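Notes follow once the structure below has been shown.
The values are calculated or read from the model by the stated rules, or taken from the named source; none is laboratory data. All values derive from a computational prediction rather than experimental measurement. As a convention, Cβ positions derive from the backbone with ideal geometry for all residues, glycine included, and neighbour counts pool all protein chains shown.
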């Protein structure tokens, strides 16, 4: 590059020659410069991701429906023991989002599967009707935020439990507003703690174990999660 005194200082002509020649040698990339580009393809949804997400959503939707049929018979005795403690039975409704996040590992996977699963459950027929879809949306968002907090790079058991707990937090807020608005503070507190705990345990740990079991069969070999699960 020329400087203001290049015409009067002979040594600068040599510097200019060297500078002109420098671009011919392509410099190496800055450390970390290619990281964003390398990670981007992994975050794009492939056809296989969409297919597996759809299959998971339908399977989990049927699971949600079945658990809804059993809930009243199981929940009433639990509520009789301690009003609000029936929230401990909420975890199975969060499995779709957590399991999808662990397997597919793409932004939106947890939210998509949880919402579609809730839609399937509602279409099959539940006593909660269209509000089942509302629950799916907020629960899916709660699980999704947990994976997003780690930039979709960590999928350990604690992260799965956090995703389940996140879905539980979302469910606790929604249920207390929609279903238990007239309940006292003690009931709401017990219910909230119970459903969040259930999310961490029944959705987080159970989803993690399901993921590991599925990966061990080789069914997830086209996913990074499958190769990790078999290692």
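At a glance:
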{"item": "Residue that is modelled with the highest pLDDT, among those in segment 211-227 that are part of a loop (DSSP other than H, G, I, E, B) and surrounded by 18 or more Cβ atoms within 10 Å (Cβ to Cβ)", "result": "220"}
{"item": "Residue in segment 15-32 that is outside any helix (DSSP H, G or I) and at pLDDT 90 or above present", "result": "no"}
{"item": "Test: residue 219 is free of Cβ contacts under 8 Å to residues at least 12 places away in the same chain and either within 23 Å of residue 46 (Cα to Cα) or touching a strand residue (DSSP E or B) at 6+ places or on another chain (Cβ under 6 Å) (or both)", "result": "yes"}
{"item": "Matching residues, segment 155-203, being within 16 Å of the chain's Cα centre (by Cα), part of a loop (DSSP other than H, G, I, E, B) and surrounded by 14 or more Cβ atoms within 10 Å (Cβ to Cβ)", "result": "155"}
{"item": "Number of the condition not met by residue 143 [criteria: (1) modelled with pLDDT of 95 or more; (2) more than 25 Å from residue 102 (Cα to Cα)]", "result": "(2)"}
{"item": "Residue check for residue 47: touching a helix residue (DSSP H, G or I) at 6+ places or on another chain (Cβ under 9 Å) and surrounded by fewer than 20 Cβ atoms within 10 Å (Cβ to Cβ)", "result": "no"}
{"item": "Check on residue 141, surrounded by fewer than 20 Cβ atoms within 10 Å (Cβ to Cβ), in contact (Cβ under 8 Å) with a residue 40 or more places away in the chain and touching a helix residue (DSSP H, G or I) at 6+ places or on another chain (Cβ under 9 Å)", "result": "no"}
{"item": "Candidate set: segment 33-61, residues that are outside any helix (DSSP H, G or I) and closer than 22 Å to residue 113 by Cα; chosen: the one modelled with the lowest pLDDT", "result": "44"}
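Table: residues versus (1) within 23 Å of residue 214 (Cα to Cα); (2) part of a helix (DSSP H, G or I).
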| residue | (1), (2) |
| --- | --- |
| 93 | yes, yes |
| 101 | yes, yes |
| 110 | yes, yes |
| 114 | yes, yes |
| 119 | no, yes |
| 123 | no, yes |
| 128 | no, no |
| 145 | no, yes |
